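A short worksheet on the structure shown next.
Read-outs throughout are calculated quantities, based only on the coordinates presented, and are distinct from any laboratory measurement. Everything quoted here is computed from the prediction, not taken from an experiment. Cβ placement follows ideal geometry from the backbone for every residue including glycine, while neighbour counts extend to all protein chains displayed.
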Amino acid sequence: MPSPTISAELEGVPVGPARLTEVVRGATGRDDAEVASVETRGAAHRVENMTTAALTHVSGTLTDGMPWRVFAKTLRPAWHAPLWAQIPPAFHEQVRRTLDWQDEPRIYRGPLGDDLPGELRLPQLYGLDETDQRITLWLEDVDDTTGWDLARYQRTARHLGQLAGRWPEERARESLPGIRRRTMAQLFHGKISHADIPALADDNLWETPAVRAATAEHGDLRGDLQRLAEVAPALVEAYEELPHGLAHGDATPDNLREPGSGDIVAIDLSYVCPAPFGSDLSQLLVGRFESVAATEHDLQAIQAALLPAYCNGLAEEGVDADPQQVESGWAIALAVRSVFSALLLDHRPDLDETARAELLAGRAAACRFGLDLALQVANRIT
C-alpha cells in the first residue's frame with residue numbers, strides 16, 4: 001500500500017496525497033493507480049511572463065513500479081509579480097488587461113482544443129486548481145524530440161497558417177470566452193517608446209565593445225533603428241487594419257513541440273489571441289536565436305521557408321490571403337516585439353562575456369533582417 005503521506009509541493013504550497021493521486025490517475029489513465037514516490041524539478045525554461053509563478057516537472061513511480069510524470073504550470077495575477085513594482089502606476093490598468101492570468105485557463109476550458117488543424121493539438125489537461133492568488137494547471141509533460149531543420153520550420157508555419165485560417169477573428173470572438181486582440185500599439189507606445197528607444201539613443205550602448213563587434217557587419221543599424229522608430233507609429237496603426245485570425249501569440253520554437261508521435265503540441269498558451277495573419281512567424285523566426293541554437297548563417301534559409309508555408313496553411317483552410325499582407329503582419333510584429341530590443345541584454349545577467357557575445361551576434365543578424373523587412377513594408381504602406 002502507498003504511504004498516505006506522499007504529497008508534492010509547488011511554490012511552497014503542499015499538494016495533498018488525494019489530489020496528487022487524482023492527477024496521476026488522469027495522467028496514466030488508470031483508475032487504480034497509487035503513488036509510491038514523487039519528486040519535483042523546476043523547468044529549465046527561463047520564466048519571463050509576469051503571470052507565470054512557476055514551471056515544475058512532477059514525476060515518480062506507482063506502487064507497481066510504473067513511472068509517471070506531469071507538468072505543473074502555476075499562474076498568478078500580474079500584480080503579484082516582482083516586476084509589478086517597476087511599472088509606472090499610469091500603466092497598471094493596461095497591464096492588468098493585457099496580462100490577464102485567467103487567459104490560459106480559459107483556453108483549456110474552451111472549445112479550441114477540439115477543433116485544431118492537422119496534427120496540431122494542445123497538451124492534455126489533467127486538472128486545474130484555483131484560488132484567489134494562484135492557478136495550477138496540471139498538464140501533459142511534452143518532450144521535444146525532433147530536430148529543427150527547414151522541413152520542421154515549414155511544417156510548423158503551415159500549421160500556424162491553418163490555425164489562423166480555421167479560426168478567423170469573428171469566429172474566435174464568438175466561440176472562445178474572453179478572447180480579444182492584444183494591440184501592438186500598446187507595446188510600442190509603452191515599453192518600446194519609454195524604455196527601448198531611449199536606450200538605443202544612448203551613445204554608451206553603441207560604444208560597448210560587444211555591441212560594436214556584433215553590429216560591425218550589419219550596416220548602419222543605429223541610423224536604421226532611428227528611421228524605424230519614426231515610421232513605427234504608422235506601422236502599428238496599419239497593423240490593426242490587416243486581416244486577423246487566431247494566433248498562438250508566442251510561437252517560439254520551444255512552444256511548438258514535436259514529441260515524435262507526428263503531433264505538433266502547442267504549449268504556453270497565455271497569449272493566444274486574434275492577430276494579423278503572419279504575426280506568429282516573428283517569434284518562430286527569432287526563437288532559436290535567443291537560445292543560440294540557430295546562428296546568423298541559418299537566417300536566410302529559415303526566413304525563406306516561412307512565408308510560403310504559412311500562406312499554404314491559410315489556403316488549405318480556404319483563405320485566399322494576400323502574401324504582402326501576411327508579410328506585413330510578420331514584419332510589424334517582428335519589428336515591435338524583437339527588433340528594438342535585440343541589442344539590449346540587461347535582462348540577461350546570467351550570461352558570461354562569451355555567451356553574451358554569441359547571443360548578440362545572432363540578435364544583431366535578426367535585427368538587420370527585421371529592420372530591412374519592416375522598412376520595406378513601411379515604404380509600401382506609408
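Here are a few things to note about the model shown:
- Only one residue of GLY219, PRO308, ILE267 has its Cα farthest out toward the positive end of the dipole of region 219-342, where Lys and Arg carry +1 and Asp and Glu -1 on Cβ, and that residue is GLY219.
- Here the chain is treated with +1 on each Lys and Arg Cβ and -1 on each Asp and Glu Cβ, and its dipole about the Cα centre works out to around 400 debye.
- Nearest 10 degrees, 0 to 90: helix 17-28 Cα axis against the chain principal axis: 70 degrees
- In the chain, helical runs assigned H by DSSP with n ≥ 4 each contribute -39500 (n - 2.57); averaged across all residues and rounded to the nearest 500, the mean residue ellipticity at 222 nm is -12500 deg cm²/dmol.
- Region 157-170 - phi-based ³J(HN,Hα) in whole Hz, Karplus 6.51/-1.76/1.60, Gly and Pro as x: 4, 4, 5, 5, x, 4, 4, 5, x, 6, 10, x, 4, 4
- When mean projected area of the Cα convex hull in nm² is calculated for this entry, the matching label among (i) 19.6; (ii) 17.9; (iii) 22.5 is (i).
- Integer Hz, Karplus 6.51/-1.76/1.60 couplings in order for region 271-282, x for Gly and Pro: 10, 4, 6, x, 8, x, 3, x, 4, 5, 5, 4
- Shown is the FRET efficiency for HIS45 and ARG152, computed with R0 = 22 Å from the Cβ-Cβ distance and rounded to the nearest 0.05: 0.70.
- Helix axis angle, 353-381 relative to the chain longest principal axis, alpha carbon, degrees: 60 degrees
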